[in-house]
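Undergrad: Questions regarding the structure given below will be posed in turn.
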Amino acid sequence: MEFLPVFLDIKGKPCAVIGGGDVAARKVSLLLNSGGSVSVVAPDLCTNLKRQAESGAIQHIKSRFMPEHLHDAVIVIAATDDRDINKQVSEVARAQRLPVNVVDDPDHCSFIMPSIIDRSPVIVAVSTGGSSPVLARLLRARLETLIPGAYGRLATLAEKFRGKVKQHFTESSQRRIFWETVFQGPIAEMIFAGREDQANTELSKAIENSSHDTRPRGEVYLVGGGPGNPDLLTFRALRLMQQADVVVYDNLVTPPVLEMTRRDADRIFVGKQRANHAMRQEEINLLLVKLAKEGKRVLRLKGGDPFIFGRGGEEIETLSANAIPFQVVPGITAASGVSSYAGIPLTHRDYAQACVFVTGHLKDGTMDLDWEMLARPNQTVVIYMGLLGLPVLCQQLVAHGLTPETPAAIVQQGTTPSQKVVTGTLASLPQLAVDAQLKPPTLIIVGKVVSLQAKLAWFKPDQDAEGNFALTRNE
Ligand code: SAH
């Protein structure tokens, strides 16, 4: 190792920062966050620092650097834009054996500043030994996605119960197993979901009952997997995908999204096809209950957002009735993801002040929709599950007042390499869709905003993609 990583206690101690610009301001805020008492030496201050000096958060020494400015400091940072001054600061500090950092100049540093992931009291520091700050920042971004925002609260909870756990479990190996279970199970999830009180109660109970009942408690994560492109998963979705024991998914979940689940998790396909449900909804609801009762962490993974045409509500109603703990993770719904990737803004000051999502599912050859409401001007209508009903849809919208020239688009497998966008009008789209031989899933967008697509399309799908969105069809 080139450097010794340490965490320094600077609470209430004098810290000297030389330089008054934005770079200095960033270092000052780190020092302040760690409780340091900061003096900034500079003839002038940037707006941020000026405000902090006025409020008394920092002390401003309005001067060029002089050696006596370091006399009582415990740590020194040189952040001026003058290399000679920075060098001088470094020399004076080193002569006094003070730890000194010169921003972006490793040769003059006695310590370097890491990239930080702050989940106080948990702190992760990343360093490349000064060789590449950009690489450290990228690494930091990856770690940010892995460590939930509420990790700090988990550490605070652990701190609170530390004494009690030590009293209850005399062996250190027992304590380790106990904490590992807590940090990876439902109690940690309660903290992440903001249910601190419940976590406190459950942790107390877990300590009391630990010798009698060690059975794991199952739970269900109802997770939105987004419109198909794995880049569009949320951090929370990804984390739960990687800890679930069993994954229950349907055919809107693309293989690359499914790939992100834990390798050794069991995978159960319950995909629905239009006329041929692989598993009836009631059976899915009961399956989730059964798996959770076996003590499993169950990931119910759905395409898009679970609460938008996803029957997510019904699934958790059954869970709730059976007192199974659950949480819901929103996903990017098709309307949002697909329109972005197609270059069609759903609202626009000149064209659409409202946007409506409807299902175009055909029942006995018709659609049960409020056509008057849908045929209003200055709004965008997004139709899910509408490919088969497209001719009926276009015809009804015109019959209820939209002009046949109203722009309309249908998008195949949006956000994925096999995305295809077909644009036309209410009059022309049904035939264009047939000619294009679209593969499901497809989303229909109707409204003047569609005319912007020619200008705003930015996503370049893969011309050779096979159109294998998922394992089975759903339209
Ligand atoms: N819960 C999902 C929607 C389920 S209904 C969500 O929030 O997105 C299924 C319909 O969603 C499909 O018939 C199709 O109309 C639409 N859909 C989902 N993903 C899509 C995609 N990548 N491209 C186009 N349409 C999509």
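The values are calculated or read from the model by the stated rules, or taken from the named source; none is laboratory data. In this text the structure is predicted, and so the values were computed from the model without any measurement. We place every Cβ from the backbone using ideal geometry, glycine too, and count neighbours over all the protein chains shown. Side chains are part of the model used for accessible areas, which takes the heavy atoms of the whole protein and leaves out ligands, DNA and RNA. Shrake-Rupley method; radii C 1.70, N 1.55, O 1.52, S 1.80 Å.
Undergrad: Please give, to one decimal in nm, the separation of the simple spin-label points placed at Val434 and Gln59, each 7 Å out from Cα toward the Cβ.
TA: Result for the modelled spin labels: 8.4 nm.
Undergrad: Note the angle between two axes, namely the Cα long axis of helix 133-146 and the longest principal axis of the Cα atoms of the chain, as a number of degrees from 0 to 90, rounded to the nearest 10.
TA: Computed tilt is about 50 degrees.
Undergrad: Sticking with this one: What do you get for the angle between helix 83-95 and the principal long axis of the chain? Use alpha-carbon atoms, 0 to 90 degrees, nearest ten.
TA: Taking Cα atoms only, the helix is inclined about 60 degrees.
Undergrad: Can you give the accessible area per residue of the chain, in Å², using a 1.4 Å probe?
TA: For the chain, the per-residue accessible area is 52 Å².
Undergrad: Another question, if that's okay. Taking amide H positions as placed 1.01 Å from N in the peptide plane, with prolines and chain starts having none, which residues 5 or more places from Phe326, or on another chain, fall under 5 Å of its amide H?
TA: Val220
Undergrad: Where Rh denotes the Kirkwood radius from the mean inverse Cα pair distance, what is Rg over Rh for the chain?
TA: In the chain, Rg relative to Rh is 1.09.
Undergrad: Under unit Cβ charges (Lys, Arg +1; Asp, Glu -1), what dipole magnitude, rounded to 20 debye, does the chain have relative to its Cα centre?
TA: Once rounded to the nearest 20, the dipole reads 720 debye.
Undergrad: In the stretch 219-332, what percent of the accessible surface is made up of carbon and sulfur (1.4 Å probe, ligands and nucleic acids excluded)?
TA: Solvent-exposed carbon and sulfur of the stretch 219-332 make up 54 percent of the total.
Undergrad: If you average 1/r over every pair of different alpha-carbon atoms in the stretch 1-137 and take one over that average, what Kirkwood value in Å do you get?
TA: 15.2 Å
Undergrad: Out of the total accessible area of the stretch 39-88 (probe 1.4 Å, heavy atoms of protein only), what percent is carbon and sulfur?
TA: The computed percentage sits at 47.
Undergrad: On a straight-distance basis, which aspartates and glutamates could pair with Lys439 in a cross-link, Cα separation under 16 angstrom, same-chain partners fewer than 8 positions away excluded?
TA: Once the sequence-local aspartates and glutamates are set aside, what remains near Lys439 is Asp462, Asp464, Glu466, Glu475.
Undergrad: Give the percent of DSSP beta bridges with both residues in the chain that are antiparallel, rounded to the nearest 5.
TA: 35 percent
Undergrad: Then there's this: With +1 on each Lys and Arg Cβ and -1 on each Asp and Glu Cβ, how big is the dipole of the stretch 14-113 about its Cα centre, in debye rounded to the nearest 20?
TA: Around 220 debye, computed over the stretch 14-113.
Undergrad: Continuing with the same structure: Could you give the dipole magnitude of the stretch 233-379 about its Cα centre, charging the beta-carbon of Lys and Arg +1 and that of Asp and Glu -1, in debye to the nearest 20?
TA: 480 debye
Undergrad: Okay, next question. Among Ala321, Gln412, Leu203, whose Cα projects farthest towards the positive end of the dipole of the chain, with charges put on the beta-carbon of Lys, Arg (+1) and Asp, Glu (-1)?
TA: In the chain, that residue is Leu203.
Undergrad: For the peptides 336-345, 37-46, what is the packing order when you average, over each peptide's residues, the other Cβ atoms within 10 Å and list the highest mean first? Display every interim value, and only then the final one.
TA: Details: 336-345: 22.6, 37-46: 19.4.
In decreasing order of mean packing, 336-345, 37-46 become 336-345, 37-46.
Undergrad: Follow-up. Cα-Cα over 24 Å: which of Lys27/Lys62; Lys11/Lys166; Lys11/Lys50; Lys166/Lys205; Lys160/Lys290?
TA: Listed pairs above 24 Å: Lys11/Lys166; Lys160/Lys290.
Undergrad: Let me check against my output: what whole-number percent is the relative contact order of the chain, with C-alpha pairs under 8 Å and at least 6 apart?
TA: On the way: 861 pairs, mean separation 47.5, N = 475.
In percent, rounded to a whole number, it is 10.
Undergrad: Now, a different point. Rank by packing, highest mean first: peptides 364-377, 423-436, with packing defined as the count of other Cβ atoms within 10 Å averaged across residues.
TA: So the order, starting with the most tightly packed, is 423-436, 364-377.
Undergrad: Under 15 Å Cα-Cα from Lys302, which aspartates and glutamates qualify once same-chain neighbours fewer than 8 residues away are excluded?
TA: Asp250, Glu259, Glu314, Glu315
Undergrad: Pairing the Cα long axis of helix 151-168 with the longest principal axis of the chain, what angle in degrees results, from 0 to 90 and rounded to the nearest 10?
TA: The two axes meet at around 70 degrees.
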